[in-house]
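The values are calculated or read from the model by the stated rules, or taken from the named source; none is laboratory data. Because the structure is predicted, anything quoted here is derived from the model rather than measured. Please note: Cβ atoms are built from the backbone with ideal geometry, for glycine as well, and neighbour counts cover all protein chains shown. Heavy atoms of the whole protein, side chains included, go into the accessibility calculation; ligands, DNA and RNA do not. Shrake-Rupley method; radii C 1.70, N 1.55, O 1.52, S 1.80 Å.
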Amino acid sequence: MLLEPTEQSEISRRPTIVDVAQHAGVSTATVDRVLNGRQGVRAPTVQRVMRSAAQLGYVEGDLLGETAATAPANISFLLPAGTNRYLTHLGKLVVEQTPLFQKNGIKPTVEYIKSFSPDALAAAMLRHGKSADGIAFMALEHPTVREAVNRLAEKGVPTVTLISDIANAQRSMYLGLDNRSIGRLAGYLIARFVGNTPAKVAMIAGSLSYRAHEEREMGFLHVLRESHPNIEVVGIREGHDDEALNYRQMRMLLSQHPDLAGIYNIGGGASGVGKAIKDARREQSLVFIGHGLTPDTRAFLIDGTMDAVITQNPGETINRAIRVFNNLREGRPAEEDIDPLRSEVIFRENLP
């Protein structure tokens, strides 16, 4: 039986698997696996294929919602190992908030990577990239890490940097503070506590391979040179966020500069700095500014060893990470409806 021309045109306009593959930017084999419910396809790719198929009329639109409900995205959080209590707390909070992640269609995984090792971080990223639908990590400013980010981007695995960013890499978004302005804030605080008399202050960084620590140092030095010429910065040391090393660095600074008036701990390992100050009985005469509200920094605020803690709310970081990965999964810009993270300055008198 011959078909009428209108019937032939209706048939010719029906979408095919090839149309869906071209619309979604994937292979026909991937479309076939998705439509037949076979394993081995990342959740975001499943969503993209089903969205294209629904938009082209290849499947019913209702199937899109059903797929979203049954395909959680596997998101890996890669954090530095060591004695940085803020980062340890952040990792524990991710695990504790697993029900919240699951409610938002995400299955989180946390792994602690050898600190300050770009090779170890890059290897972990590529390993997780074989099965994860996205990776959140604290970046090291290094070509090896940059290459891993770009290779994952080419494979369609989005990455989000936490706390410390990386330059000239194809990461999807940075979730952290403006660290140069944070360094300026620390300099302003220490200058206000020290006063207008000539004074010496020092800095201890985790590692300047973290862009966040480098930018904090830059901001700190700049605001002191700009507005507080009475304050001399007598040096910067790296403590690798290690409490024992920070203790030794602080004791050495106090030995070399008995008249030291202030210390800015740029990274973690606040316990080591605080213990050295207390052992030298300088807790009442030396200004101590640091980062991250944790049990040890809270205790130092209460007993007067620390004067102020600049912190980033870890719960807000997690909430934004969920929204970023859901934006990416739904094909929206990563930053859509994401407010910038704000710093909090905690003193003894406003402890939450």
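Can you grab the distance from the C-alpha centre of segment 72-135 to the C-alpha centre of segment 139-206, Å, no decimals?
18 Å
On the protein heavy atoms, probe 1.4 angstrom, tell me the percent of accessible surface of the chain carried by carbon and sulfur.
It is 50 percent, rounded to a whole number.
How high is the relative contact order of segment 179-312, in percent, with contacts defined as C-alpha pairs under 8 Å that are six or more residues apart?
Dividing the mean separation by the residue count of segment 179-312 yields 26 percent.
With only Lys, Arg, Asp and Glu charged, each at its Cβ (+1 for the first two, -1 for the last two), find how big the charge dipole of segment 179-312 is about the Cα centre; round to the nearest 20 debye.
Dipole size: approximately 160 debye.
Taking the Cα atoms of segment 179-312, report the difference between the largest and smallest coordinate on each principal axis, in whole Å and largest first.
Computed over segment 179-312, the largest-to-smallest principal extents equal 33, 31, 26 Å.
Over all distinct Cα pairs, what is the inverse of the mean 1/r for segment 157-241, reported as the Kirkwood hydrodynamic radius in Å?
For segment 157-241, the Kirkwood estimate is 13.9 Å.
Rounded to the nearest 500 deg cm²/dmol, what is the calculated helix-only ellipticity per residue at 222 nm for the chain, with -39500 (n - 2.57) per DSSP H run of length n ≥ 4?
-14500 deg cm²/dmol
Relative to the first principal axis of the alpha-carbon coordinates of the chain, what is the inclination of helix 179-194, with its axis defined by its Cα atoms, in degrees from 0 to 90 and to the nearest 10?
20 degrees
Roughly what percent of Cα-Cα pairs across the chain reach past 34 Å?
Across the chain, Cα pairs with separations above 34 Å total 37 percent.
On a 0 to 90 degree scale, rounded to 10, what angle separates helix 314-329 from the longest Cα axis of the chain?
Orientation of helix 314-329: about 20 degrees from the principal axis.
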